[in-house]
Amino acid sequence: MVKNFSFTALFCFICLFATLGSRTIENMDYLRYAEIAREIIETGDWVIPHLNNSLYVDKPPLHFWNIAIAYKIFGVNAFAARFPSALAGFILLVSIFLFTFATTKSQDSAVLSTLILLSMYGFFVFSHRTRLDIVYTALFSFSLFFFYLGALGKKREWLFFSFFWFFLGLACLYKGPFAFLVIVIVCLYWITARKKNLVIPSMKIFVITMPCLLMVPGPWLYRLITHPDFKLYVETLKNAHIMTRGADFLYYIPKLPERLGPVFLFLPVAAIALKKESQMDKQKRSLIWFLLIWSVSYFIMLNFTHTKHHRYLLPLFPPFSIFTGIGLSVAVRRGFFKKYLYYSGKIFPWTTIICLLIAPFVIWDIIGLNIMSF
């Protein structure tokens, strides 16, 4: 286990950090986050972020604190601005390995789940940007990992549920109330667990540990209320136009396979393998239901929000990668994968030929005569 973990962790570390500072920060949004962190160091105000010497109220401050700390360590540069995202992505990959191994006792499942997440287009891209989405995804995932470990009831429920609330509090300092979607997922799992005879968490201990949530944002809220510019902060917040990217209801349907990347190719065989496997193992059935509730309920909730962007899909990536990694491991072990590869080998060439024949007409229709200059 140690060799597999060490090799996987080293491979992920090299992939995420090798070229982190090799190019400048290329997008205005990314520059904004880097500049806000720089002004924290310049002004010395760690309570209320500033952008161009004006109050910045669109986001809570934790992400800017992290970049500012990276500036303190590495200096003000592109590497430091991207470092929190890359570090969070790396820790999330490591946690995927440890969580999968802890719940399945399968090293193959742990390695596959980790590498599948690393291969996802959206995950890899945002792990190299200054935005807060990867760090938020990591905190969102950590809270649900600890909830499920607490649900297993291995005499550490108090500790695991305390960590659940702790990481939820950190997620709130990244995304505000949006982080409480975690609670919806938890409630849906608890209801399903009672009906399906799955692993049921102790709701008494879960509720008793809730004060751990207030320990995280509490100190910042106190400093914010007592800050000399608090009234101006509230007034600016009331007049701010936050999250204005609207889209139609079906926006995420084509975005999901595009951003998840190659994992969609393996979902069918993983689902078939896990369907058969879950009938024999109650604990694995509980894990599968937990991952399905996490991914399906979050995806449904996203579709009902007015503001939409493809990066909001990132919290779906961990459950998809674990589900697929476990499924592929089972499929290879039980021989399901051979049949899938046989039919894929028959279908894929013809699908590719059809797409290549249609593509020129689609491109011509969209771009027109500009195809030559393009």
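The values are calculated or read from the model by the stated rules, or taken from the named source; none is laboratory data. Predicted model, so just to flag it, every value in this text is computed and none were measured. Here the Cβ is made from the backbone with ideal geometry for all residues, glycine too, and neighbour counts use every protein chain on show. All accessible areas refer to the heavy atoms of the entire protein, side chains included, with ligands and DNA or RNA removed. Shrake-Rupley method; radii C 1.70, N 1.55, O 1.52, S 1.80 Å.
Within the range 119-149, restricting attention to residues that are among the aliphatic types (A, V, I, L, M) and part of a helix (DSSP H, G or I), which residue is farthest from ALA86 (Cα to Cα)? Here the answer is LEU149. Please verify whether the range 118-137 includes one or more residues that are open to solvent by 10 Å² or more (accessible area, probe 1.4 Å), of a type in the set (Ser, Thr, Tyr) and at pLDDT below 90. The answer is yes; a qualifying residue exists. Just so you know, in the range 1-56 the residues that are touching a Leu at 6+ places or on another chain (Cβ under 8 Å) and assigned to a loop (DSSP other than H, G, I, E, B) include one that is most open to solvent (accessible area, probe 1.4 Å), and it is ILE25. Do you know which residues across the range 36-85 are of a type in the set (Ser, Thr, Tyr) and in contact with a helix residue (DSSP H, G or I) (Cβ under 6 Å, 6 or more places away or on another chain)? Result: TYR56, TYR71, SER85. Which count do you get for residues in the range 170-190 that are more than 16 Å from the chain's Cα centre (by Cα) and either surrounded by 17 or more Cβ atoms within 10 Å (Cβ to Cβ) or over 26 Å from LEU237 (Cβ atoms) (or both)? Final tally of qualifying residues: 5. Looking only at residues that are open to solvent by 40 Å² or more (accessible area, probe 1.4 Å) and over 19 Å from the mean Cα position of the chain (by Cα) in the range 144-156, which one is nearest to THR103 (Cα to Cα)? Out of the qualifying residues, it is LYS154.
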